[in-house]
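Bear in mind these aren't lab numbers, they're just calculated from the coordinates by the rules spelled out. Only a predicted model underlies this, so the values are computations on that prediction, with no experimental measurement involved. Every residue, glycine among them, receives a Cβ derived from its backbone with ideal geometry; neighbour counts consider all protein chains shown.
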Amino acid sequence: MLKVLVPAVLVAAGIAWVVTAPKSVAEDEFVAISGAEADRGEVIFTAAGCASCHHAPGAEGEARLVLAGGQAFPSPFGTFKAPNISPDPEHGIGGWEVRDLANALLHGVSPGGGHYYPAFPYTSYTHMADRDIVDLWAYLQTLPASSEPSVGHDVGFPFNIRRSLGGWKFLFLKDDWVMDGNDLGAELTRGRYLVEALGHCAECHTPRNALGGLDRGRWMAGAPDPSGKGTIPALTPDKLTWSETDIAYYLETGFTPEFDSAGGHMAKVVTNTAKLEAEDRAAIAAYLKALPVPGSPSTGY
Amino acid sequence: MKKFVAIVAATAILGGSSAIAQEYKNQIKARQGVMWTISLNLGTLGAMAKGEMEYDADKAAAAGRSIHGVSMVHLATLFPEGSDGGMNDGTTAKDTIFSDRAGFDEKWAALGTAAEKAAAEAGTGKEALGPVMGALGGTCKACHETYRIPQ
């Protein structure tokens, strides 16, 4: 019996080891992309909402560009703390190279080869275009450095075993789009990139399964607030009945069609979307209006 | 007799707790009236900005002045300590209003500044509405981000 069991366990362990291994980009894949544009990177930075989570708690105005970290993000798995990603060489990412940023965004992997927790929304950023990563890298280096040390996450066993995140990624880090198809047209394709990749809207607006993976079958169907209080609204057309103009206007000014205003974390999101080009806000609105209604025949579930 | 005392005590406690919930009813009504007045007038300006309503200089100016008017109410009167949503029904005011009065007052003063601009400029032409709405919207958001319980 043991003769069969031991090899079987070893094979299983071997597979698990391979599956959970951190992936990374090729050594010089990103260095080869030349002519990085920091001002283009600023648009990526804004659309991706980097500052919203990485600025210091309570920072306002220009201080939001100091990416000192420290904000807490409660979840059923523990409380995650955003790290310092300012250009400080010791406490921030000043010692990184562009490929380190690419590995973080595309694979959720640190320069040391460890897995990041998916509170950092790499399941969305994994769709980022190489060019955008290079430009973002150029922009990040123009920001002020902060020597504030990063604070550790408050995560208990078994979620504190980083290697197990490799298994999580195997299950939930997908490189295909939710709104699939190559013939979406220019506006929907742009909208999809802004919503599914940079804006990482689904991270809050899509419910999660027991393991914390996004339930793609109920994409944008609304979800409980991870803090435990309240719910985050659905964005599918059956629930979000605003017109495309209304959605774009909300993303510009924060005003709902009833002229109430955005609050909570969404207020931070609107601070970002307000800075985008009007075409980008329209593209987001078009994407949301094109979402399938959960449970409808077109979705197949 | 003991039973009677117990009933009296229980009634007093229940009555007492419902009195707490009722205590700030008028303040809550009043401040929600302020918010609705702002929202209604923003609706006029917003509809013109979006092109859903034809621009009318008089109506736009009146809306701007109305918002400026209500921005002058004394905030502490509307938000007494303990009138937050944690202690009362029907309000989404956060208790951070009381722990950070200065910050809350500052946010309201920012609305005042934006509203003054709205009163002065909303009637000067349709192209003024964009910046006016942008400034007002920024102040609404800045306050709701911190001092309102997310719905």
Label-point separation in nm, A:Val18 to B:Glu52, each point 7 Å along Cα→Cβ
5.8
How far apart, in nm, are two points set 7 Å out from the Cα along the Cα-to-Cβ line at A:Trp177 and at B:Thr124?
4.4
What does the average come to when, for each residue of peptide B:38-45, you count the partner chain Cβ atoms lying within 10 Å of its Cβ?
3
Separation of the stretch A:204-237 and the stretch B:86-126 by C-alpha centroid, Å?
31
Each label sits 7 Å from Cα toward the beta-carbon; between B:Val73 and A:Ala186 the label points are separated, in nm, by 4.8
What is the percent of Cα-Cα separations in chain A that go past 24 Å?
55
Within-12-Å neighbourhood charge of A:Val66 [Cβ basis; K, R +1; D, E -1]:
-3
Given unit charges at Cβ for Lys, Arg (+) and Asp, Glu (-), the dipole magnitude of the stretch A:185-241 about its Cα centre in debye, nearest 20, is 60
Extreme residue, positive dipole direction of the protein assembly as shown, given options B:Ala60, A:Leu136, A:Ser261 (C-beta unit charges):
A:Ser261
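Is there a quick way to get the dipole size of the stretch A:176-295? I mean about its Cα centre, with the Cβ of Lys and Arg at +1 and of Asp and Glu at -1; what is the value in debye to the nearest 20?
Here the stretch A:176-295 has a charge dipole of around 380 debye.
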Over 25 Å between C-alpha atoms is what I'm after, so list which of A:Lys239/B:Lys59; B:Lys25/B:Lys117; B:Lys59/B:Lys117; A:Lys229/B:Lys117 land there.
A:Lys239/B:Lys59; B:Lys25/B:Lys117; A:Lys229/B:Lys117
Karplus couplings for the stretch A:14-25 from phi (6.51 cos²θ - 1.76 cosθ + 1.60, θ = phi - 60°), rounded to Hz, Gly and Pro as x?
x, 4, 4, 5, 5, 4, 8, 5, x, 9, 8, 7
Packing-wise, with mean Cβ within 10 Å as the measure, how do A:12-21, A:84-93 rank, highest first?
A:84-93, A:12-21
Taking a ≥ b ≥ c as the square roots of the Cα gyration tensor eigenvalues, with a/c under 1.5 meaning rounded and otherwise prolate when a/b beats b/c or oblate if not, the stretch A:24-165 comes out oblate
In whole Hz and in residue order, list the ³J(HN,Hα) couplings for the stretch A:155-162 that follow from phi through the Karplus curve 6.51 cos²θ - 1.76 cosθ + 1.60, θ = phi - 60°; x for Gly and Pro.
10, x, 5, x, 6, 7, 8, 4
How much net charge surrounds A:Glu37 when only the other residues with a Cβ under 12 Å from the Cβ of A:Glu37 are counted, with Lys and Arg +1 and Asp and Glu -1?
-2
Among A:Ala197, A:Ala278, A:Ala104, the residue with the largest mean-square fluctuation in a Gaussian network model of chain A built from Cα contacts under 10 Å is A:Ala278
Farthest positive-ward along the protein assembly as shown dipole, Cα basis, beta-carbon charges - from B:Ile97, B:Ala135, A:Ser146:
B:Ile97
Rounded if a/c is under 1.5, else prolate if a/b is larger than b/c, else oblate: which is the stretch A:176-295, with a ≥ b ≥ c the root eigenvalues of its Cα gyration tensor?
oblate
For peptide A:248-260, compute the average count of partner chain beta-carbon atoms within 10 Å of each residue's beta-carbon.
6
Estimated vicinal HN-Hα couplings, Hz - the stretch B:37-43 in sequence order (Karplus 6.51, -1.76, 1.60; Gly, Pro = x):
5, 4, 4, 4, 6, 4, x
Divide by every residue of chain B the summed helix terms, -39500 (n - 2.57) for each DSSP H run of at least 4, and state the resulting mean residue ellipticity at 222 nm, rounded to the nearest 500 deg cm²/dmol.
-24000 deg cm²/dmol
Given charges at beta-carbon only (K, R positive; D, E negative), |dipole| of the protein assembly as shown in Debye:
1860
Over chain A, the sum of -39500 (n - 2.57) across DSSP H runs of at least four, divided by residue number and rounded to 500 deg cm²/dmol, gives at 222 nm -10000 deg cm²/dmol
Treating each Cα of the stretch A:209-256 as an identical point scatterer and ignoring solvent, apply the Debye formula and state log10 I(q)/I(0) at q = 0.21 Å⁻¹.
-0.86
For A:Ala210, placing the label point 7 angstrom along Cα-to-beta-carbon and taking the stretch A:50-86, residues whose amide nitrogen sits under 19 Å are A:76-78
With unit charges on the beta carbons (Lys and Arg positive, Asp and Glu negative) and the dipole taken about the Cα centre of the stretch A:176-295, which residue among A:Gly213, A:His200, A:Thr271 sits farthest to the positive side?
A:Gly213
Check: C-alpha center the stretch A:7-30 vs C-alpha center the stretch B:22-73, spacing in Å is 60
